[in-house]
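As structure tokens, the structure follows; a few thoughts come after it.
The values are calculated or read from the model by the stated rules, or taken from the named source; none is laboratory data. Predicted model, so just to flag it, every value in this text is computed and none were measured. Every residue, glycine as well, gets a Cβ built from its backbone with ideal geometry; the counts of neighbours run over all protein chains shown. The area values use the complete protein model at the heavy-atom level, side chains included, leaving out ligands, DNA and RNA. Shrake-Rupley method; radii C 1.70, N 1.55, O 1.52, S 1.80 Å.
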Amino acid sequence: MAEVSTSTDVRGELARVDPDLVVSTSMHSGIPGLVAAHGCRAVTDLWRNPPADQRIPVRYLEILRAEG
């Protein structure tokens with residue numbers, strides 16, 4: 001059985017599930033671009049300039065609030 005590429009898997013799952021929101025910490029295989037192309041709300045760059053003392057759950061919520 002041939003292995004399916006990650007980008008094909010991601011595209012297929014986005015089409016199948018059609019999520020309202022995607023949160024991903026993965027930067028490989030073009031995943032952030034695939035999520036952006038799907039058009040749903042997304043946080044795909046969680047680690048951009050994070051404060052050293054900020055906990056991960058608070059970081060998620062701060063980015064979601066800031067980006068609407």
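Quick notes on this one:
- Options [x] 1.13; [y] 1.04; [z] 1.18 - which one matches Rg/Rh (Cα atoms, Kirkwood Rh) as calculated here: [y]
- For the chain, the residue among Ala37, Thr6, Pro57 whose Cα projects farthest onto the positive side of the dipole built from Cβ charges is Pro57.
- Solvent-accessible surface of the chain, averaged per residue with a 1.4 angstrom probe and all protein chains in place: 73 square angstrom.
- Charge tally in the Cβ shell below 14 Å around His28, where Lys, Arg are +1 and Asp, Glu are -1, His28 excluded: -2
- If only the Cβ of Lys and Arg carry +1 and only the Cβ of Asp and Glu carry -1, the dipole of the chain around its Cα centre is close to 140 debye.
- Fraction of accessible area attributable to carbon and sulfur, the chain (%, probe 1.4 Å): 54
- Taking every full run of DSSP H in the chain, none both stretches at least 20 Å from end to end by Cα along its long axis and averages 0.5 or higher on the Kyte-Doolittle scale.
- Amide H contacts under 5 Å for Val23, placed H, 5+ residues apart: Val43
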